[in-house]
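Here's the structure, in structure tokens; my notes come after.
The values are calculated or read from the model by the stated rules, or taken from the named source; none is laboratory data. Keep in mind that this is a model prediction, so the values were computed, not measured. Virtual Cβ from ideal backbone geometry, glycine too; neighbours counted across all protein chains shown. The accessibility values were calculated without ligands, DNA or RNA, using every heavy atom of the protein model including side chains. Shrake-Rupley method; radii C 1.70, N 1.55, O 1.52, S 1.80 Å.
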Amino acid sequence: MIANDIRFAVGYARRSTDLQERSLPDQKAAVERWARDHGYRILRWFVDDAISGTSARGRDQFTRLIHEAENGRDFDAVLCYDMSRFSRGGTNETGYYIHRLRLAGVETHFTAEGIPEGDEGELLQGVKSWQARQYSVKLSRDSIRGQHSTVTVKHSAMGGRSPYGYDRQYVSANGQVLKTVRTLSDGRRQEFGPDGRHLRFIDPKEKLPKKMKSDIVRLIPGDPKHIAVVRDIFDMCAKGLGFRSILIALNAKGIEGPMHARWNQMAVKSILQNPCYRGALAWNRRTFGKIHEVASDGSAIPKKVAKTTRNPKDRWIVIENVHEAIVPPDLFWKAHEQMAKRRNAGGLARPTQRYLLSGLVRCKHCGHNFWGCVLKNSAGEIRYYADGGYRAQGIGVCKATHIQAAALDRWVLEQLRATFLADKAGVERAIEQFVKAACGRGASAKAQPDRSRELADLNKRIKTTVALLSDSDLADVGELRTALVDLKRRRETLEADVANKPASPKSIDPDRLRAWARERVADLARALKPGTPMIEARSAVHAFVPKIEIDPDRKVGTLFLPRDTCSALQSAFVRRDTSASSSHSWMVLVAGRLASPRWSSSGVSKGLTMPMTSETSSRISGRSAPAAYVAFPLKLMWDPSCGGQAPGAWIERAFDRGW
């Protein structure tokens, strides 16, 4: 062949995984043979190694090839082994890039396909690209089916890094331990033999040998130091700390986070939300595939966006009690209850809300919460609760009302102590009364009939009747149509019954319920002790105090409390078990009169706190008054909605300024 007839080309090769050891050399050899036979000289190669061809995204060498072809190219053709190596993106994506190369004056040849020129070749090229895409679609679907079976049937963990605090143990089909792998903070992995002895360290870039299909991967407790950190994280969360407060505490102690880094919010959040720490195997928390994602039943459904996505919890596939838990279930669920409370509380859950009654004190006139604020003067700092409506939007919304925080906090704690902890024997009687009432309600709820199974049977009968009507020989049978109408009416009735039926309660263990109630009372007792951390005290107080209303016009405040200890436990149990946020039938109203705990309804410029000179005097009132709350005698009122019965009674102790 004459040298002037030689045309310059570049080669493109790709393999999907590094397990295909001979794929790239074989592709190059076949393409180079074809180039010699057809008068092409390959100047250089563009190779994407261990990258899927389902999309051009992430294929750096492919993107570079297209860029060079369109910007000062030195070649006339691109040579590729076959259509599937060039792209598995389907006819649209493959045709798009071939069209861009053609506009740049570059031909594309698939050496193993033998695609002819002309219309016939264009049609065949479309068919080949469609076939390449369908191969990936089928492979994706089959992979999801196999992974779902591995998790749900074999209870084997999938690949990837083991969760912080766990090791991955490989077990044969007959139960023999093969090896254990621990991921270290610097990315290396430490391999142990069946006897637990150290074997080797594995570089982060080195991949482990592929396991046998029959092997099972179990999660087992790993480094004791990591386990202790995980338990501390759940314990801090259960006490009311948020993600940011937890990571600050961990970093302050110098505890190293995952991957040899400092702790961050995502690391803390991923640990708290991972079901593996209660002993459950969770799969489908995220979707990495580009073609399919996994439905809640494990089936493959087409994916709209070809990128990694986080799946909602209703699509997680969770298998309980697969491996040993490193966090007690009670602590795990208590932490999740606190996360739900913080999520529902919104901004009131932020760590900046360090006042005892933040989120509880509300203005009766404008409906805004009172904010915590500080007045700084020569005497030091004085903390106040200030009307949020005025602070945010000025006098047009509400008056400038301020209450001294220390006085109000002290008075509320005194009322809690007097109402719930004064009589120790009465507290024990109230706990027993609460346990008896809760167990009684659970038994009565279980006695209600379950209509869900009857509804499922009815749906089957409706489907059968519809199938019969689709038969041309039975379509004119009037009895079938009449029966179908009756069945549908019955189904509507059952669906209404199922929708209106309250959720079935969990079985109630009296001993655990009694322990839970005593823990709530103990939390309140700790909150009343001086020196208790504010976040713990606030959590305990909020469990017993639903709200405090302030009337700025009358200068009177009202503290709402459950009527007694039994009612308080019932209220807390309802919120815990059903996440109910509405008022409770056993709610009572407690109040006391305020002698003058730094209450002012005068204007304050630029959102500053009230201008006071000391804790017991006010420039505005021109008189001194004791900064303490004085409880008035109890006054009994009846709630008409309760028919005058004792559980609906309200106890009022109003507190006012005492001007």
May I ask you to verify whether Phe243 is buried (at least 17 other Cβ atoms within 10 Å of the Cβ) and either in contact (Cβ under 8 Å) with a residue 24 or more places away in the chain or under 25 Å from Gln176 (Cα atoms) (or both)? yes
Would you pick out the residues in the stretch 71-114 that are on the phi > 0 side of the Ramachandran plot, open to solvent by 20 Å² or more (accessible area, probe 1.4 Å) and touching a residue at least 12 places away in the same chain (Cβ under 8 Å)? Gly105
When the stretch 107-144 is examined, which residues are found to be part of a loop (DSSP other than H, G, I, E, B) and small (Gly, Ala, Ser)? Ala112, Gly114
Please go through (1) within 29 Å of Ile233 (Cβ to Cβ); (2) without any contact (Cβ under 8 Å) to a residue 24 or more places away in the chain; (3) β-branched (Val, Ile, Thr) for Val153 and return the number of the only condition it doesn't satisfy. (1)
For the stretch 418-425, does any single residue satisfy the condition of being open to solvent by less than 20 Å² (accessible area, probe 1.4 Å) and part of a helix (DSSP H, G or I)? yes
Which condition does Arg141 not pass, out of (1) farther than 24 Å from Trp283 by Cα; (2) open to solvent by 40 Å² or more (accessible area, probe 1.4 Å), if it passes all the others? (1)
Going through the stretch 291-315 in order, the residues found to be closer than 17 Å to Gly146 by Cα and assigned to a loop (DSSP other than H, G, I, E, B) are Ile291, Ala295, Ser296, Asp297, Gly298, Ser299
Yes/no for Val268 being touching a Gly at 6+ places or on another chain (Cβ under 7 Å) and on the phi < 0 side of the Ramachandran plot: no
Filtering the stretch 149-173 for residues that are assigned to a loop (DSSP other than H, G, I, E, B) and out of contact with any helix residue (DSSP H, G or I) (no Cβ under 6 Å at 6 or more places or on another chain) leaves a count of 11
Within the bounds of the stretch 449-467, is there any residue that is assigned to a loop (DSSP other than H, G, I, E, B), buried (at least 16 other Cβ atoms within 10 Å of the Cβ) and modelled with pLDDT under 80? yes
How many residues does the stretch 468-487 hold that are part of a helix (DSSP H, G or I), modelled with pLDDT under 70 and not hydrophobic (A, V, I, L, M, F, W, C)? 1
Residue that is modelled with the highest pLDDT [pool: residues in the stretch 497-518 that are loosely packed, with under 10 Cβ neighbours inside 10 Å and part of a helix (DSSP H, G or I)]: Asp511
Those residues of the stretch 543-563 which are open to solvent by 10 Å² or more (accessible area, probe 1.4 Å), touching a residue at least 40 places away in the same chain (Cβ under 8 Å) and aliphatic (A, V, I, L, M) amount to Val556
Out of everything in the stretch 374-408 that is in a strand (DSSP E or B) and hydroxyl-bearing (Ser, Thr, Tyr), what residue ends up being farthest from Asp553 (Cα to Cα)? Tyr384
